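For reference, the structure discussed in these notes is given below.
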Amino acid sequence: MTSGPAGALEVVINRNADSLRGVALVAHPHPQQGGTLDNKVAQTLAKTFVALGYAGVRFNFRGVGKSEGSFDDGRGETDDALAALAYGQRELDAVSLPVVLAGFSFGSYVQSLVAKRVHPERMVLVGPAVMRFPVSDVAPDTIVIHGEEDDVVPMPDVMAWARPQQLPVVIFPGCGHFFHGRLTQLQKVITGMWH
C-alpha cells in the first residue's frame, strides 16, 4: 500500500533478479467490469516481465480492492498508474532504470496516457480497448496482441486503430478477450518478441 492521488493505493511488486533490468508497470482491465490486479492476464504480464529480469509492479485502480476513490474514466486512473510506478521505483531503488508499460483492455488505454508522461522503453498492449476509449497512437515498437474472437473489443476496431500507425498486431486465432487457455502462449509470444 502507498498513498495515491485518491487515497490509499494498493500495489504489488514481484521480482526475482538480483540485478534489475527495469520496472514493468502492469495495468488491469476495467474497474467497473471486475478488473483487478489479480486478473489472469495482468498476472501473466507481470510474470513474463519478472522472467525477463524486470520488477513487475501491479496495482489496483481507485475504487478496486484496497485502493480508495472512485472510477474516473481513465483520467484519475492515469494518476494512479503514475503513483504506483513512482512507489515501485522508490521501493526498488530503480528510479534510473528503464520503464516498461503493459496493459490489458482498459489498462491499455490508461498506459497510452501514461506513456505521454513517462516515455517508456517499450509497451505491451493486450486486447486494447481502442474504440471504447480514445487510445492514443503509440510507439512503433509497441507489442500489440489481440484475440481473433474478442467479443469485448472487436478485432476490426483494433485493426482500424493500428492501420494508420502501420502498427503490427499479433492475432491469436480462435482466442477471446480473456485469453482463456492461452496465457502460456501469451507469455511465450511476448518473451520471443522482446529484445
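The values are calculated or read from the model by the stated rules, or taken from the named source; none is laboratory data. The structure presented is a predicted model; accordingly, all values stated were derived computationally and were not measured. Here the Cβ is made from the backbone with ideal geometry for all residues, glycine too, and neighbour counts use every protein chain on show.
General observations
- Condition met for L85 (in contact with a helix residue (DSSP H, G or I) (Cβ under 6 Å, 6 or more places away or on another chain), part of a helix (DSSP H, G or I), at negative phi and surrounded by 15 or more Cβ atoms within 10 Å (Cβ to Cβ)): no
- Tally of residues being assigned to a helix (DSSP H, G or I) and buried (at least 17 other Cβ atoms within 10 Å of the Cβ) across region 56-81: 6
- Count of region 31-55 residues, restricted to those that are in a loop (DSSP other than H, G, I, E, B), in contact with a Lys or Arg (Cβ under 9 Å, 6 or more places away or on another chain) and small (G, A, S), is 1.
- Residue check, V12 among the β-branched types (V, I, T) and under 29 Å from W161 (Cβ atoms): no
- So F106, is it within 29 Å of G176 (Cα to Cα), surrounded by fewer than 22 Cβ atoms within 10 Å (Cβ to Cβ) and at pLDDT 95 or above: no
- Here R75, R21, R58 are screened, and the one residue that is in contact with a Leu (Cβ under 6 Å, 6 or more places away or on another chain) and among the charged types (D, E, K, R) is R58.
- Hits in region 68-94 - residues which are over 16 Å from the mean Cα position of the chain (by Cα), hydrophobic (A, V, I, L, M, F, W, C) and farther than 18 Å from F49 by Cβ: F71
- Residues satisfying the stated conditions in region 6-16, i.e. in contact with a helix residue (DSSP H, G or I) (Cβ under 8 Å, 6 or more places away or on another chain) and surrounded by fewer than 16 Cβ atoms within 10 Å (Cβ to Cβ): N16
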